[in-house]
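Data block below; observations after.
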């Protein structure tokens, strides 16, 4: 071997050795597992001097690290020293800060749900960025309330906020309280769960406060049925904001403290949006609306291109395999901790882990029970197909003559039922997820329309709408529409959340300018049934049901037409559903060619 060849070979060996050393070093920097140091009751001062207290999990090592901030009303101590995500993230090289929001547990000040979180969130991010072990880059993660506060402070654009991971949260605050114009009754037990801490902060004996909460839980159906809503004594002394919400049933400026939809143009951060097909509390459409809105209108290209969406067959904040009565299999589970860290690694550490090379949408297709990537929402290949209601006037209950198909109706007799708010359609289980709806469908105040068995699989992925022509003897009433998958054994499984397909009649034209009905006059109602990705299998049937209540998911409409929440009087309403040439009532399904 001549001298030149020896020099060349030596150079190759040196380069290879250096490359290996560099690669091992880089790998160790990226994948190093740190010991964890925990600091408790660390105070963060807000702009008005109020102190919010935190627990900090961080690497027990020299250097500066990116921060993941979690802001919660549910007690930072509930995470515990061995809590999976904070410890896991700290081991991966993150400072994880869990903060009690204002007026909750250790933190000072008065708790006003959602109304205080913009300024406090901004200040918390900037405080976290300035910590001596912070590298100045702050991300956030968390579910429900913990997700909504991320969007709130993103609207305020703190300079050190880099990326967020909001889970199961709304795009509009009003829709979190009034879905389709009807009040979400789950806020009553939610606020009841906050009472022990509120009472403790006022010097009331904790044991006595908790005993009161437990007593309420035993008597909850009494409180659910209490009228008028605005006079509910349970929360009068401790939760004045409940009555403020009830005083603002119409959409308008009051609700702008969280209206992310209106603020997409001002938001600059990437967001990984997570929700479930059965996510109640308006989290399912909220995640989709925020994803699509930010992709279109985010303030910067980074914000627009930096949006991700994942939707599993999950209920609220529970990304597991089982929802309701259905186990979707191990495939339905995800490693949420690892996904959050992968997102943060890219945005907060600058690690090119290919997460942004993947298509922006990942959905779980129920029925096929498999994951699929998509590029846009709604899917460009969607065919919006109407399925029309039919009967000869006797569609009452699943034993009636209601049918459903793609043929437009002609010369058919309308269906009539009596809605009695003193005897509403009631779900006593109060459980989310897919469940057999036959216990509801046997009632005569529920109209049921069922297709013939399908000859082949039919996939519906996207938004579901109902266009219903109806009249009522009342000045105001509700209409509730559901789509279910009827199995060969008769099981009738809902494919969207229980709190969906609801419209209070006065909001049929606008949710900001209510308009009462003309009793007996036929009106058209377009009703939002949220979203799904569901395959109706061959041999199954599609069912549509219509009624006027779904208690206690929504409050009972008293049918009086009076101001919201002020009625003790309940009156019956005669409801007529039309399906003829002039009034082709239908459900529009987002069919995906297969």
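No value in this document is a laboratory result; all are computed from the given coordinates. Keep in mind that what you see is a predicted model, and the values were worked out from it rather than measured. No Cβ is skipped: glycine too gets one built from the backbone with ideal geometry, and neighbour counts run over all protein chains shown.
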Contour minus end-to-end for residue 442 and residue 394, with contour as 0.36 nm per residue of separation and end-to-end as the Cα-Cα distance? 16.0 nm
Can you give me the C-alpha center-to-center distance between region 521-594 and region 185-242, rounded to a whole angstrom? 31
Values of log10 I(q)/I(0), in the order q = 0.08, 0.10, 0.11 Å⁻¹, for the chain under a Debye, Cα-only, solvent-free model: -0.60, -0.91, -1.07
Quick check: pseudo-label points 7 Å beyond the Cα along Cα→Cβ at residue 247 and residue 512, how many nm apart are they? 2.1
So the label point goes 7 Å from the Cα of residue 42 along Cα→C-beta, right? Which residues of region 108-149 then have their backbone N under 14 Å from it? 124-139
Relative to the longest principal axis of the C-alpha atoms of the chain, give the angle of the C-alpha long axis of helix 283-297, reported between 0 and 90° and rounded to the nearest 10°. 60
What span do the alpha-carbon atoms of region 182-246 cover on each of the three principal axes, reported in whole Å from largest to smallest? 35, 25, 16
The chain: angle of helix 206-218 to the longest principal axis, Cα-based, in degrees nearest 10: 40
Label-point separation, residue 371 to residue 331 (7 Å along Cα→Cβ), nm: 1.2
Gain on full stretching of the segment that runs from residue 582 to residue 491 - 0.36 nm per residue minus C-alpha separation: 29.4 nm
Per 0.36 nm of contour for each residue apart, how much would the distance between residue 574 and residue 407 grow if the chain were fully extended, relative to their Cα-Cα spacing? 57.4 nm
Could you tell me what fraction of 2.2 N^0.38 Å the Cα radius of gyration of region 444-538 comes to, as a two-decimal ratio? 1.25
What does a probe at residue 563 reach in region 179-194, counting residues whose amide N is under 13 Å from the point 7 Å along Cα→Cβ? none
Just rank 39, 412, fewest to most, by other beta-carbon atoms within 10 angstrom. 39, 412
Ordered by fewest other Cβ atoms within 10 Å, a rough proxy for footprinting exposure, 566, 459, 358 read 358, 566, 459
Given R₀ = 22 Å, FRET efficiency for residue 32-residue 358 by Cβ-Cβ distance, to 0.05? 0.30
Please figure out what share of the DSSP beta bridges in the chain is antiparallel and state it in percent, rounded to the nearest 5. 70
Roughly how tilted is helix 117-129, in degrees to the nearest 10 and between 0 and 90, from the longest Cα axis of the chain? 10
Calculated from DSSP helices alone, with each H run of at least 4 adding -39500 (n - 2.57) and the total divided by the residues of the chain, [θ]222 nm to the nearest 500 comes to -7500 deg cm²/dmol
Roughly what would the spin-label model give for residue 457 and residue 231, points 7 Å off Cα along C-beta, in nm? 5.6
Which value, in nm² and rounded to one decimal, describes the direction-averaged projected area of the C-alpha convex hull of region 383-592? 11.0
